[in-house]
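Student: Quick one: this structure, given as structure tokens, is what I'll be asking you about.
Just so it is clear, none of the values below were taken in a lab; they were calculated from the coordinates. Since we're looking at a predicted model, the values are computed, not measured. For neighbour counting, all protein chains shown are included, and Cβ atoms are generated from backbone atoms with ideal geometry for every residue, glycine included.
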């Protein structure tokens with residue numbers, strides 16, 4: 001996917017409503033997970049990404065600061081993000097528990 005044509009989200013758009021369900025892509029443009037939920041708003045928000053698994057089964061939730069991801073909207077207005085971490089790197093992070 002060519003993310004260069006997508007519109008970056010500004011800080012005020014980093015809300016739970018906008019980010020929940022967003023697909024997360026790794027540095028090699030592979031799908032690595034999705035946002036299951038969000039704690040906080042704006043640049044201080046923390047997103048919980050379900051990594052791996054299939055249809056939510058066997059996935060591992062990890063928490064990362066929203067500012068560490070590049071959130072954007074594509075041509076169909078769908079929100080997604082690009083991560084600097086690979087799926088394996090995210091799987092090595094501590095599991096998030098609410």
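Student: Which of the residues that make up segment 68-81 are surrounded by 15 or more Cβ atoms within 10 Å (Cβ to Cβ) and either on the phi > 0 side of the Ramachandran plot or in contact with a helix residue (DSSP H, G or I) (Cβ under 6 Å, 6 or more places away or on another chain) (or both)?
Tutor: If the condition is that a residue be surrounded by 15 or more Cβ atoms within 10 Å (Cβ to Cβ) and either on the phi > 0 side of the Ramachandran plot or in contact with a helix residue (DSSP H, G or I) (Cβ under 6 Å, 6 or more places away or on another chain) (or both), then 79 is the only one that fits.
Student: Hey, another quick one. Applying the selection to segment 37-62, what residues are out of contact with any helix residue (DSSP H, G or I) (no Cβ under 7 Å at 6 or more places or on another chain), assigned to a loop (DSSP other than H, G, I, E, B) and either crowded, with 17+ Cβ neighbours inside 10 Å or at negative phi (or both)?
Tutor: Within segment 37-62, 41, 59 qualify.
Student: In segment 4-36, what residues are in a strand (DSSP E or B), within 11 Å of the chain's Cα centre (by Cα) and touching a residue at least 24 places away in the same chain (Cβ under 8 Å)?
Tutor: We begin by selecting, within segment 4-36, every residue in a strand (DSSP E or B); these are 7-8, 23-25, 31-36.
With within 11 Å of the chain's Cα centre (by Cα) added as a condition, the list becomes 23-25, 31-36.
Across segment 4-36, the qualifying residues are 23, 24, 25, 32, 33, 35, 36.
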